[in-house]
Amino acid sequence: MSRRESLATQLAALRRFIAEPDHAPEPVQTNWTVIAANDNDPEEVAELHTERRWRMKPSVQEIMRQVATETIQRNGAGQVVGIGKMRFSDGTQTEAGHKLVFDKVVAAQIRMPVGALLGTKDAEEGQLGGEEDPQHVASSNDYFAEILDTLPHRYKPGGKRRRGKSFTNAESKVMLAAAYANTDMTKVTFTRYPDALPCGSPKAADSFLGMQKGKKGESGSVMWQDIVTAMADRKEWFDAIDDLKDEDRATLEAVKSAKSYVDVASKDTPRRTAFRHGRARLISANDNLMAAINKIAS
């Protein structure tokens, strides 16, 4: 060691020993990697586009269903203004839209021509290809039901919530006290239902976010390359520790809780020399550990 260097700089192996994990890599970490996710050529994907679902309302099936009702409505001028639930313009109705005014697009009410179908929708919606496979959803639900030992998953769509009168805290206390007073607890029975999964979503996994892999940048499974590298580094580290003498390993373990050089010195060392002896043991253990690391690395 050079006397011109600071002791902290010289004890690089010791600092690594204190910070080195003594367990296998955690199974849930960031899924970020320095390896490119793909090697798409910009010229190859320049003309590609994302397909999206196109929503048309009413659909052809709905139009034919209304026509089959044979319910036709006419106004005083004899114009057809309705077929079933469909409504048509008589030339006076307007709908929200956009128009060009002095090279600027502005919102406006557009007059619908005579006979135009009112309340239609013709626009793109979500991206295609993202739908869940029903078989995959069923397998996922069966998996959670099995590991949690619950009833099979059952999806129950939510309906409209009916809200009653709101009560203040004081009113609620009075009502609860009255209910307790009018209830014979000796006749009250309790029913325990079997354990089950949340039924507010078609996929039970949506209720267990910690068990799902997120998007890029979110928590998720570590890439297998990172796991293998971490496991190999861990093995090399423990091999280096095993090559040390018992005295050096005891010194390194003492460093974890030591507050001064005195705590690192051996127990039979006189107090007047404990400081120098502890410092010497510390430097010796650090040098031997660094030599073992270099030996294995080479």
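One table, with the values for the structure above:
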item	result
One residue from Tyr180, Tyr193 being part of a loop (DSSP other than H, G, I, E, B), of a type outside the set (D, E, K, R) and modelled with pLDDT of 85 or more	Tyr193
Of the criteria (1) surrounded by 13 or more Cβ atoms within 10 Å (Cβ to Cβ); (2) out of contact with any Pro (no Cβ under 9 Å at 6 or more places or on another chain); (3) without any contact (Cβ under 8 Å) to a residue 24 or more places away in the chain, which one His277 fails	(2)
Answer residue from the range 229-275, given it is outside any helix (DSSP H, G or I) and small (Gly, Ala, Ser) and is farthest from Arg16 (Cα to Cα) among those	Ser266
Filtered residue count, the range 68-104, keeping only those that are more than 16 Å from Gly119 (Cβ to Cβ), more than 43 Å from the chain's Cα centre (by Cα) and not in a loop (DSSP other than H, G, I, E, B)	4
Cβ-Cβ under 8 Å pairs, at least 6 apart or on other chains, the range 78-100 side touching a residue at least 24 places away in the same chain (Cβ under 8 Å), far side of a type in the set (D, E, K, R)	Gln79/Asp90; Val80/Arg74; Gln93/Arg111
Failed item in (1) modelled with pLDDT of 80 or more; (2) out of contact with any Ser or Thr (no Cβ under 8 Å at 6 or more places or on another chain); (3) of a type in the set (D, E, K, R), with Lys256 passing the rest	(1)
Residue count, the range 207-253 (criterion: at pLDDT 80 or above and in contact with an Asp or Glu (Cβ under 6 Å, 6 or more places away or on another chain))	0
Residue that is nearest to Asp149 (Cα to Cα), among those in the range 175-195 that are among the β-branched types (Val, Ile, Thr) and surrounded by fewer than 10 Cβ atoms within 10 Å (Cβ to Cβ)	Thr191
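The values are calculated or read from the model by the stated rules, or taken from the named source; none is laboratory data. This is a predicted model, so every value here is computed, not measured. Reconstructed Cβ throughout: ideal geometry from the backbone, glycine too, with neighbour counts over all protein chains shown.
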